[in-house]
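The values are calculated or read from the model by the stated rules, or taken from the named source; none is laboratory data. Just so it is clear, the structure is predicted and the values come from calculations on it, not from any experiment. Neighbour counts run over all protein chains shown; Cβ positions are idealised from the backbone, glycine included. Surface areas here come from the heavy atoms of the whole protein model, side chains and all, with no ligands, DNA or RNA. Shrake-Rupley method; radii C 1.70, N 1.55, O 1.52, S 1.80 Å.
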Amino acid sequence: MDSVSDKEQWKYCIEPERGRLELGLRNLWRYRGLVHLFAKRDFTSKYRQTVLGPLWMFIPPFLTTIVFTVVFGNIAKFPTLDSVASGDMVVPAFLFYMIGNILWELFSNILKHTAKTFLANARIMGKVYYPRLASPIAAAFSDLAMAVIRLLLFGALFAVGVVCGSVSVRMSWTMLFFPLTVFQLMLLGLGIGLIIAVLTVKYRDIGFIVDFALQLWLYLTPVAYGLQLVPKRWIGLYMLNPVTPIMTTARYFCFGEGYVQVGYVIWSWVAVLFFFVGGCILFNRAEKTFVDII
Amino acid sequence: MGDRMIRVEHVSKEYQLGVIGQKIMLDKADSPLGKRLTEHDLHEGRINDKGMFMALSDISFEVEAGETLGIIGRNGAGKSTLLKLLARITLPTVGRILLNGHVASMIEVGTGFHSELTGRENIYLKGAMLGMSERKIDQKLDEIVDFSECGQFLDTPVKRYSSGMYLKLGLSVAAYLDAEIVVMDEVLAVGDTAFQNKCIQKIKEMSESGRTILFVSHNMALIRSLCKRCIVLDQGKLKFDGKVEEAIRYYTSASFYMEQARELEQLERTPSHNPNRVACMTYIKILGRTRFAMREILRFMLRFRLLERVGQLCLRVGIWSADGTAAAISFVRLPNACEGENETYFRMDTSRLLPGKYSLELLLVDMDKSGLMVKLDALRDVIAFEILPSEDWPVYQMYKRDWGYVELPLFIE
């Protein structure tokens, strides 16, 4: 056998894990068609053989929003304000809960789907090679598509409210920045999901905690209530939850008022990038040989 | 020709023994997998000093462009692990693999189909998974559909497909891959004969068009018809690399136990076999010669132990020919078997078997009233015998491969 020097004659080289970091983004780009098809598959196969079909996209967030409006808004009388209103504008509770729910659903769905990447696809991944990252990314896009459709419905309700004059908010130019917060939520969901996916390969226990942790997390995030409910002196601690600044910023962009502080926004971006990059690195380490363990 | 396509350099693959993750399980001897492997494999030196199981150890070989390489070996020899390494599904522990082309794996062709999607959607999905672009699939869609014989069901969700159709569709997509290297693991084990022949034809075409193919199969006839060169894996080691006929001869002679008698108690049982052994075969002895002429009868003695009374104990004997196909089967009830040690003498009418080497597979089964059989103890390649060609019918020696293994008596009325 010749020495290492003639490695150049070969196109591909399969070697043991050396701890080197190759994210394989170029390879992932080569497989973008697959990402697209995976996303389409996830999205379109969900509502086959149902009577209501695509209506199911709207029913869950709609019902949750109604429940939130009744329970937290009307019975518990939680404020649906992130800060003391600057004028006489009050965001209607229904819209307030709806946007929060849609965004939270997006985040928690991406996280849950990503966390299950290895377990759900173990059979396929054990038989065929493709960039493993294609699966969670496709799932994230299919969840995004769902969220976009829901947001369109939200937009329609919002517009109807504004036009009919029963809603005391106006459309604001800050809306243009709204997609940024959606993108941020996606990255965070993916990042944390990837870390959990890697851990569940060896320790299935973590998979069981995810649902419970997400539920708890929901109540630590201003989705069912406005930020105003949180006592002033706890705000600093409360804002450590990276979803909170994203959520309040999203509502600010959406309604043109609310709570935005540059410091917290920067903190949320730092946290998001930390989780996302960290998740990608861990995932990259694990993907190569996870089929041996799972 | 002459271009190297694949080079495998000193590749080894280790697997962790036992159940991973829980501390208690790390004690290998306590875990079921660890125990099953250790009994046999410590003996064979297949567990290394780190307590890891060596699925492959120090494998090296090269494959030229356009070559079809057969890979044979018994279950657990490391064939599938080797293919998984080549397909990048997992990485080797030591060594490296150099490739000069894209690898497409056809390991279990039906995987990757989504049951809610239609046949057409699945073709695209599967194609993309194997590295084909959407445009490429567009171009080849008609051919794929044509080949799969599933045209009229193309827009039906694949969950309504029969298992045969499912497989045909999977194979068809894979057959039209444009990868330079294709690895196949027992892809033709299922499907009807006509379709199988079509696939063999297709694989030959692929090979002629310059594709490099690695083909794993237990079916020696298939290996023989598709490959010129073949490697034999045994216990994770490369035991033979050379011409296909020699490889098959090597493989079959290695698993054929041509002795007069054999102790059976310590032999490794197949994994699927019931572990709380109600019955255990302990000893077999061929009475008379192990090589005998056509028209003669095989006599043997079998000792076995029964731990408890069994409803209806039966012995099933599979007769396997040297090319890896089942040649015949025998079955007998054992009404006199009792608890404890048994010694039974058998006489098997082998007079109609054609000349050649045969290996016996023995199964002790419990048959209930409805005819359902429960395996109590099973062993493959227990002992072998050889039937020598007789002077009056020398022709049987020459064409046996195409003629089957049994000669039925024919009389003029």
Problem set entry | Of all DSSP beta bridges in the protein assembly as shown, antiparallel share, percent nearest 5 | 75 percent
For this session: Check the straight Cα-Cα distances from A:LYS40 and name the lysines below 27 Å, setting aside those fewer than 8 residues away within the same chain.
Result: A:LYS112, A:LYS116, A:LYS127, A:LYS288, B:LYS126, B:LYS136, B:LYS140, B:LYS159, B:LYS168
For this session: Take the Cβ-Cβ distance between A:LEU25 and A:VAL260 as r, set R0 to 51 Å, and report the resulting FRET efficiency rounded to the nearest 0.05.
Result: 0.95
For this session: For the protein assembly as shown, give the percent of accessible area contributed by carbon and sulfur heavy atoms, probe 1.4 Å, rounded to a whole number.
Result: 58 percent
Exercise. Taking Cα atoms, how many degrees apart are the long axis of helix A:205-219 and the longest axis of chain A, rounded to 10 and kept between 0 and 90?
Worked result: 20 degrees
Exercise. What quantity of accessible surface, computed with a 1.4 Å probe and excluding non-protein components, is buried in total between chains B and A, in Å² to the nearest 100?
Worked result: 4200 Å²
For this session: Indicate the gyration tensor shape class of the protein assembly as shown (rounded, prolate or oblate), computed on the Cα atoms with a ≥ b ≥ c the square roots of the eigenvalues: a/c under 1.5 is rounded; otherwise a/b larger than b/c is prolate and the rest oblate.
Result: prolate
Seminar exercise, completed: Ranked by GNM mean-square fluctuation in chain A (Cα springs under 10 Å), the top entry among A:PRO222, A:PRO92, A:PRO16 is A:PRO16
For this session: Kindly list the residues of region B:342-381 that lie in the label zone of B:PHE411, defined by a backbone N under 17 Å from the point 7 Å along the Cα-to-C-beta vector.
Result: B:352
Exercise. With a sphere of radius 14 Å drawn around the Cβ of B:SER133, what net charge do the other residues whose Cβ falls strictly inside it have (Lys, Arg +1; Asp, Glu -1)?
Worked result: +3
Problem set entry | Accessible solvent surface per residue of chain A, calculated while the other protein chains remain in place, 1.4 angstrom probe, Å² | 49 Å²
For this session: Could you tell me whether region A:132-238 comes out rounded, prolate or oblate from its Cα gyration tensor? Rule is a ≥ b ≥ c as square roots of the eigenvalues, rounded for a/c under 1.5, then prolate if a/b exceeds b/c, otherwise oblate.
Result: oblate
Seminar exercise, completed: Restricted to region B:149-290, the DSSP antiparallel beta bridge percent, nearest 5, is 65 percent
Exercise. To the nearest 0.05, how large is the calculated FRET efficiency for A:PHE212 and A:LYS46 if R₀ is 22 Å and r is the Cβ-Cβ distance?
Worked result: 0.35
Exercise. Under a point spin-label approximation (7 Å from Cα along Cα-to-Cβ), what is the B:ALA221-A:ASN241 distance to one decimal in nm?
Worked result: 6.8 nm
Exercise. If one takes the longest principal axis of the Cα atoms in chain A, at what angle in degrees, from 0 to 90 and to the nearest 10, does the Cα axis of helix A:93-115 lie?
Worked result: 10 degrees
Exercise. With r defined as the distance between the Cβ atoms of B:LYS228 and B:VAL94 and R0 fixed at 30 Å, what FRET efficiency is calculated, to the nearest 0.05?
Worked result: 0.50
For this session: With θ set to phi - 60°, apply the Karplus curve 6.51 cos²θ - 1.76 cosθ + 1.60 along region B:303-318 and write out the HN-Hα couplings as whole Hz, x wherever there is a Gly or Pro.
Result: 9, 8, 10, 10, 8, 8, 6, 10, x, 9, 7, 9, 10, 10, 10, x
Exercise. Given 0.36 nm per residue, what is the gain on full extension from A:LEU229 to A:CYS13 after removing their alpha carbon distance, in nm?
Worked result: 72.0 nm
Seminar exercise, completed: One point scatterer per Cα, no solvent, Debye formula: log10 I(q)/I(0) for region A:52-293 at q = 0.10, 0.14 Å⁻¹ comes out as -0.50, -0.93
Seminar exercise, completed: In degrees, nearest 10, the alpha-carbon axis of helix A:262-287 is tilted away from the dominant principal axis of the alpha carbons of chain A by 30 degrees
Exercise. Along the charge dipole of the protein assembly as shown, Cβ charges K/R +1 and D/E -1, which of A:ALA39, A:LEU55, B:PHE53 sits furthest on the positive end?
Worked result: A:LEU55
Exercise. With each label point set 7 Å from Cα along the Cα-Cβ vector, what nm distance links B:GLU62 and B:TYR283?
Worked result: 5.3 nm
Exercise. With Cβ to Cβ distances under 15 Å as the rule, what net charge do the other residues near A:VAL265 carry (K, R +1; D, E -1)?
Worked result: 0
Problem set entry | Simple label model, 7 Å out from Cα along Cβ direction - A:VAL270 to A:ASP205, nm | 3.1 nm
Exercise. When the Karplus curve 6.51 cos²θ - 1.76 cosθ + 1.60 is applied with θ = phi - 60°, which whole-Hz ³J(HN,Hα) does each residue of region B:83-97 get, with x for Gly and Pro?
Worked result: 5, 5, 5, 5, 8, 6, 6, 9, 9, x, 7, 9, x, 8, 10
Seminar exercise, completed: Looks like region B:269-403, by Cα gyration tensor root eigenvalues a ≥ b ≥ c and the a/c under 1.5 rounded cutoff (else prolate when a/b is bigger than b/c, oblate otherwise), is prolate
